[in-house]
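Comments concern the structure below.
The values are calculated or read from the model by the stated rules, or taken from the named source; none is laboratory data. Owing to the predicted nature of the structure, the values given are computational and were not obtained by experimental measurement. Counting neighbours? That spans all protein chains shown, and the Cβs are built from the backbone with ideal geometry, glycine included. To get the accessible areas, we keep the full protein, side chains included, count just its heavy atoms, and leave off ligands, DNA and RNA. Shrake-Rupley method; radii C 1.70, N 1.55, O 1.52, S 1.80 Å.
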Amino acid sequence: MSDQEVMITMKDVNKWYGDFHVLKDVNLNIKKGEKVVICGPSGSGKSTTIRCLNHLEKFQEGSININGTELIEDVKVVRHIRSQVGMVFQHFNLFPHLSVLENLLIAPTWVHKKPRKEAIETAMYYLERVKIAEQAHKYPNQLSGGQQQRVAIARCLCINPEIMLFDEPTSALDPEMVSEVLDVMVELADEGITMICVTHEMGFAKKVADRVVFMDAGQVIEENEPNEFFDNPQSDRLKLFLEQILSH
Amino acid sequence: MATYTMKEAKPAPTTNKGVVFWLRENLFPDVKNTLLTLAGLYILYAIIPPLLNWMIFDATWTGSKDEVVNSGARWIFIVEKFDQFMYGFYPEALHWRPNLVGILSLVLIFGFKYIGSVKLKIATIILFPIICFVLISGGWFGLEVVETEKWGGLMLTILVAAVGIVASFPIGVVLALGRQSNMPILRTLCIGFIEFVRGVPLITILFMASVLLPLFFHDGIEFNKLLRALIGITLFQAAYIAEVIRGGLQAIPKGQYEASEALGLTYWQGMILIILPQALKISIPNLVGSFISLFKDTTLVLIIGLFDILAMVTLTNSDTNWLGYEVEGYVFVTLIYWVCCFSMSQYSKSIERKFNTEH
Ligand SMILES: Nc1ncnc2c1ncn2[C@@H]1O[C@H](COP(=O)(O)OP(=O)(O)O)[C@@H](O)[C@H]1O
Ligand SMILES: [Mg+2]
């Protein structure tokens with residue numbers, strides 16, 4: 001594996017909210033094209049970790065390198081990194097005052113300065129991909145949760161990112177809509193994009209992930225390839241966690 | 001084990017609702033409400049007929065003031081002084097200029113949404129005030145100059161309100177954003193300004209504008225009285241607009257800011273494309289409320305010697321030929337104010353409805 005290009009390096013990242021130590025020496029190395037699933041109990045710092053990667057959160061110690069660029073607090077650097085990183089949120093965060101299509105055009109036309117015509121073509125292509133092209137002129141709150149999340153994924157893909165971050169993309173969805181979103185994510189994964197996904201969907205992790213990372217209390221406790229991770233957990237905390245999520 | 005068949009949807013039950021039912025339900029449901037209803041009807045009976053008689057049936061509309069025989073309102077006063085109420089001392093031969101501005105404004109208000117391209121919209125917003133100013137004040141294109149001292153009446157009222165509304169809006173937006181900024185100095189300045197202005201009455205701001213502003217420009221420049229009032233009113237209104245918009249900004253979920261940041265939009269792109277359109281939309285009712293109170297507050301400019309419509313009424317009442325017509329004058333001004341404010345609130349409702357059906 002070492003001959004593969006490195007995409008993300010997090011080195012000894014520490015972060016505090018006031019006095020509260022949220023991330024404690026977090027280390028992560030992710031190669032180009034790798035799919036990583038992060039899981040762990042609520043409040044363990046999973047969201048904070050991936051939000052540091054596109055600078056939605058600042059960190060106080062350590063270093064982060066994204067695709068060869070050191071993440072520092074500089075407007076240009078942050079913009080450069082954000083132009084390569086797409087993020088899908090738990091609550092979709094579509095722009096309610098814009099139609100689905102306009103949601104997809106914002107970043108390509110304003111950030112990447114693409115001609116509108118070309119941006120529309122790309123947008124329609126990705127809407128097709130997430131099987132929602134016929135809704136292009138509707139407004140987000142006329143769509144179901146599953147449809148909205150697929151639009152949100154298409155919105156990220158329109159900037160042609162190297163990396164996709166997913167923060168519990170299915171946990172705000174009604175159960176019958178989870179699979180339509182996961183299907184889209186599986187398809188994406190097959191295409192070789194680098195993917196970090198916070199989720200508790202074990203089926204998805206087993207099918208797609210190259211590696212599963214377990215976080216607790218702001219630390220990475222254990223990481224392994226999925227089968228070993230689920231079948232042969234090493235730490236007591238992971239054993240307890242797996243028991244809890246599998247018991248229902 | 002039991003199985004159930006699917007049921008057909010039935011129409012909702014209809015209740016018998018006639019006029020009598022409505023009356024009994026809403027006006028006479030019990031003794032207490034019946035008494036209140038009767039009292040209300042009596043008050044209406046005591047007020048409405050005499051008012052209508054005075055205003056319409058017994059009123060005098062035409063003729064000369066010496067021939068009045070009816071006991072009602074003598075509207076001949078309004079007819080006689082109508083031009084002064086509308087235009088102040090603006091030369092009569094040039095009344096077509098403010099009239100044209102009025103017509104253009106109406107066309108713009110109702111036609112703006114039909115302008116297709118964004119560039120054309122922005123061009124209109126920038127050009128329109130310039131055209132209006134040139135038309136009213138003259139001095140270009142062979143138009144005769146009319147000094148601001150001659151501007152007055154409803155024209156001046158609307159002009160002061162319109163300038164106050166249009167100019168205060170961008171300043172208010174910037175103040176609201178500055179108040180939320182994480183740059184401490186900027187934030188402190190904005191909060192300081194907003195809280196200071198909100199803490200003093202408009203009238204003191206107008207006095208300060210008319211007394212203090214000339215001190216800053218003492219090298220002989222004659223600082224126009226109207227301009228001073230406009231600056232004072234704009235700054236005053238901006239502070240209130242800022243607070244209204246801040247309320248709207250606070251109602252926007254954090255996720256909207258995060259999504260626009262994550263997509264790589266700059267601060268200003270995110271604000272202009274994503275956050276402000278949503279924040280302004282929910283602020284419309286409060287913004288219009290604030291515009292309406294500004295419209296009414298503009299009448300305070302009479303304190304610093306400008307002749308708005310109310311000042312014109314007071315002035316014409318001191319005409320020795322027309323003594324004792326105060327009531328007619330003030331009722332007329334009241335109606336004018338009411339029509340203007342009511343139209344504004346109706347217009348805002350139509351904008352809200354448009355937004356609500358859009359998404
Ligand atoms: N803005 C914030 N201010 C203070 N504490 C926060 C903030 N955001 C998150 N936290 C705390 O940081 C911890 C980690 O949060 P998070 O990364 O969201 O956890 P997870 O995504 O694993 O559930 C939690 O204990 C949470 O309460
Ligand atoms: Mg989380």
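Comparing mean-square fluctuations of B:S345, B:S71, B:S290 from a GNM of chain B with C-alpha springs under 10 Å, the top value falls on B:S71.
Using the rule -39500 (n - 2.57) for each DSSP H run of four or more residues, divided by the residues of chain B, the 222 nm mean residue ellipticity is -22000 deg cm²/dmol. Extending 7 Å from the Cα toward the beta-carbon at both A:Y125 and B:C341 defines two label points whose distance is 5.9 nm.
When chain B is treated as a Gaussian network with alpha carbon springs shorter than 10 Å, the biggest mean-square fluctuation among B:T234, B:T148, B:T37 belongs to B:T37. Where a ≥ b ≥ c are the square roots of the eigenvalues of the C-alpha gyration tensor, would you call chain B rounded, which needs a/c under 1.5, or, failing that, prolate if a/b is larger than b/c, or oblate? Since a/c reaches 1.5 but b/c is at least a/b, the shape of chain B is classed as oblate.
Let a ≥ b ≥ c be the square roots of the eigenvalues of the Cα gyration tensor of the protein assembly as shown; is it rounded (a/c under 1.5), or, if not, prolate (a/b larger than b/c) or oblate? Prolate shape, in that a/c is at least 1.5 and a/b is the bigger ratio. Each part gets one Cα centre, and for the range B:51-75 versus the range A:49-70 those centres are 81 Å apart. Label-to-label distance for B:K32 and B:L227 is 6.2 nm, based on points extended 7 Å past Cα in the beta-carbon direction.
At full extension, B:F207 and B:A93 could sit 37.7 nm farther apart than now, given 0.36 nm per residue minus the alpha carbon distance.
Excluding same-chain neighbours fewer than eight residues apart, the aspartates and glutamates reachable from A:K239 by a Cα-Cα span under 15 Å are A:D216, A:E222, A:E223, A:E228, A:D231.
Do any of A:K11/A:K31; A:K11/A:K32; A:K15/B:K254; A:K58/B:K254; A:K24/A:K58 go past 19 Å between their Cα atoms, and which?
Correct reply: A:K15/B:K254.
Solvent-accessible area lost on pairing A with B (1.4 Å probe, both sides summed) amounts to about 1900 Å².
Of B:I194, A:I245, B:I282, the residue with the largest accessible area leads and the full order is B:I282, A:I245, B:I194 (1.4 Å probe). How big is the gap, in Å, between the Cα center of the range A:78-119 and the Cα center of the range A:12-44? Taking the Cα centre of each part, the range A:78-119 and the range A:12-44 sit 26 Å apart. For a straight C-alpha distance cut-off of 21 angstrom, the lysines reachable from A:K114 (same-chain residues fewer than eight places away being disregarded) are A:K76, B:K119. The GluC sites (Glu not before Pro) of the range B:228-328 include none that meets both criteria, a DSSP state outside H, G, I, E and B (loop) and at most 10 other C-beta atoms within 10 angstrom of the site's C-beta. With a cut-off of 17 Å on the backbone N, the residues of the range B:13-32 near the modelled label site 7 Å out from B:Y45 along Cα-Cβ are B:28.
Structure note, pairs B:K7/B:K354; B:K150/B:K281; B:K10/B:K354; B:K65/B:K150: Cα-Cα distances above 30 angstrom occur for B:K7/B:K354; B:K150/B:K281; B:K10/B:K354. Given a 1.4 angstrom probe, I'd like the percentage of the accessible area of chain A that is carbon and sulfur, rounded to a whole number. For chain A, the apolar C and S fraction of the accessible surface comes to 48 percent.
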